[in-house]
Structure formats: structure tokens, C-alpha cells
Amino acid sequence: MKVKQLLKDVTLKLSILEIDNAARDARILVAHALGIPKSQLSLNTNDNVSEETKSSLEKLISRRINREPIAKILGKRQFWGRTFFINEDVLDPRGDTETLINYVIDRPVRSVLDLGTGSGVIAISLACEWKEVHVLATDISEAALFVAQENAKYFNVQDKIDFLKSDWFEAIEGKFDLIISNPPYIGLSEISEISQEVLNYDPDVALFAGGDGLEAYEQIIPYLPKFLKPGGIVVLEIGASQGESVKTLMNSSGLSEVKTLKDLARKDRLVTAKFH
Ligand SMILES: C[S@@+](CC[C@H](N)C(=O)[O-])C[C@H]1O[C@@H](n2cnc3c(N)ncnc32)[C@H](O)[C@@H]1O
């Protein structure tokens, strides 16, 4: 069988099973099984496909049919211009989270605390972009911390980041110029609106935060003044409808200059504040 026929067959199979973007996914999976970049596929359409490639492709297709996201199947995700290793133990990093980086990138500081680092995308992006920074990256999940450490080694920033298992601030000491976090913020009441891709392949601990999705903010925000240096800032990712609630929590914790910021889709995505 030639590559072009294989592409048609895989596209058909995925579309019959109502996988969105079947043609795009087919190209990605076929290229992955062939071990070539997707952009090279059109040069190889008349090549014969080996039995070995076909059988590894079958395994990839059945994972996609089980609604596993492409990024989890490939084990990698692009974030802020870099390709990160990901697996079943971490949240598949979202484009929305680049809003956090975009906001802080031109305000470099020396000390950063990244709460709930997951695959490490926030901590590592800042360590790569800022020359003189030290980041403490924490998570409650040891398995996630392992992934983040592998990514830090890959990008050669392991000397700029300490990794620590901690239930939010429990094991943390010291004060920071910047506290940044994309905590879990989905309410259990929203579970029926979540796709199978997310529900079955992102860890629950990375998604859910109590009945209304505000639990992590309620646990984090009261402690911010204790862990921020004077003049330090906090930047938290939020769900689009959570701006007012999170702002109220920030104001009642004694933080100032509390504001929400929008993402590229013009939805509330960040709450920031300062500690004086
Ligand atoms: C939404 S994910 C964000 C992961 C990563 N920072 C990103 O933006 O892709 C939330 C992270 O918070 C971690 N987490 C959840 N509860 C926690 C807790 N009580 N203490 C520390 N980390 C926690 C999860 O394990 C997960 O890695």
C-alpha cells in the first residue's frame, strides 16, 4: 500500500467514528508512524508502507478512536515556542495559558513561585526567557514533577528551577517577586460539559476544584501576602466566568491593584494583583 492510500483510509476511518478534523489527525498520525515531519508527507505519497509502520499506525489510530488527544498520543505539546514532553500524568498545556506568559514576559524578576507546575511549561518558559531568575516549581503530584524535571533538563534550565512536592503553600518557605499559577478551576457541577478528550486524559487533580471551581483560589489567595515580597505581584489564570469571585478574594486578602485581563478570545483569563 502507498502512503496516499493509507492517508485516505485513515481519514475515512476517523471520520466514520466522528473524530473532528479527521483529515488533519490522519496526516499527523501517518507522519508519526512513518517517523517523518508532517510537512514532508506530500513528498512521500508514492512510497510503499511497511507492515511494521502499518501495525504501529493501527495502535495510534485505536488510541485516537478512544478519544485520546493527539498531543497525548504524540507525547508532546508546543507552548510559547517550545515543544514540551507530556504524558497521562500532566495537564495537556493549553494555548490560553500563554496569556500568563505574555503578561509577565516583559517584567523580568529574580524569584518566581509557580504553583501547580504540571509539565513545567510556565516555570520552564520563564527560566528560558529570563536570564537571572530562580523559579520554585511545585505540585501536589510527584508524577507531574517528574515530567516537569525531565522538561527542565531537556531545555537545560534545571539549575534555575527547584522542584518541590507541596500541597499549595504547605512545604514552601521564603518570599517571591512573582507568584504565578494556573490552578485547577473547573467545578464538579460542570463535569457534563467537559469533552471525553479532557475528562479521560487529563488528571482530575489538574482539572477540578470543588463544586464551583473556586476551591484552589480559596486555598491559595489568603496566603499570598505571606509569600510575596513587598512590591511583588501575583498572576493567576482563571476560568472565563470567575473574574469577579477571584477579584473579591484578592481584595479581601489585602492585595492591591487587583485587575482581570483578557485572552486573545476577549474572555477574562487572568487576575493580577500587587502586594505593598
Ligand atoms: C490546571 S493544571 C496546570 C498545570 C501547568 N501549570 C499548566 O499550566 O499546564 C493544575 C496543576 O495544579 C496541581 N495541583 C492541584 N492541586 C494542587 C495542590 N493542592 N497543591 C499543589 N498543586 C496542585 C495539579 O497537579 C496540576 O499539575
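The values are calculated or read from the model by the stated rules, or taken from the named source; none is laboratory data. These figures come from a predicted structure and were not determined experimentally. Positions of Cβ are generated from backbone atoms using ideal geometry, with glycine treated the same way; all protein chains shown enter the neighbour counts. Keep in mind that these areas ignore ligands, DNA and RNA; they rest on the heavy atoms of the full protein, side chains included. Shrake-Rupley method; radii C 1.70, N 1.55, O 1.52, S 1.80 Å.
Using a Gaussian network model of the chain with C-alpha springs under 10 Å, which one of LEU178, LEU249, LEU126 is most mobile by mean-square fluctuation? The residue with the greatest mean-square fluctuation here is LEU249.
By DSSP, what percent of the beta bridges with both residues in region 1-158 are antiparallel, rounded to the nearest 5? Intermediate results must be reported in sequence, preceding the final value.
Values: 5 of 10 bridges.
Close to 50 percent.
On the chain, 49 percent of the accessible area sits on carbon and sulfur atoms, based on a 1.4 Å probe. Note that region 136-141 has calculated 3J(HN,Hα) couplings of 9, 10, 10, 7, 7, 9 Hz, one per residue in order, obtained from phi through the Karplus relation 6.51 cos²θ - 1.76 cosθ + 1.60 (θ = phi - 60°); glycine and proline are x.
Sorted on the mean count of surrounding Cβ atoms within 10 Å across their residues, most packed first, peptides 258-268, 153-163 read 153-163, 258-268. Compute the separation of the alpha-carbon centres of region 3-48 and region 169-225 and state it in Å as a whole number. Using only Cα atoms, the two centres lie 37 Å from each other. 3J(HN,Hα) couplings calculated from phi for region 195-208 with the Karplus curve 6.51 cos²θ - 1.76 cosθ + 1.60 (θ = phi - 60°) are, in sequence order, 6, 4, 3, 7, 4, 8, 10, 9, x, 3, 5, 8, 10, 9 Hz; Gly and Pro show x. For region 177-252, averaging the sequence separation of C-alpha pairs within contact (under 8 Å, six or more residues apart) and dividing by the residue count gives a relative contact order of 46 percent.
Only helices enter this figure: runs of n ≥ 4 DSSP H residues, each worth -39500 (n - 2.57), summed and divided by the residues of the chain, yield -11000 deg cm²/dmol at 222 nm to the nearest 500. Backbone phi angles across region 164-177, fed through the Karplus curve with coefficients 6.51, -1.76 and 1.60 (θ = phi - 60°), yield HN-Hα couplings of 9, 7, 7, 7, 6, 8, 3, 9, 9, 10, x, 10, 10, 6 Hz in residue order; Gly and Pro are listed as x. Here's how it looks for ILE161: its modeled amide H is under 5 Å from those of VAL135, which are all 5 or more places away or on a different chain.
Annotation: amide H of LEU214 has no partner in the under-5 Å range at sequence separation 5 or more or interchain, hydrogens built in the peptide plane. Accessible area per residue for the chain is 49 Å², calculated with a 1.4 Å probe on protein heavy atoms, without ligands, DNA or RNA.
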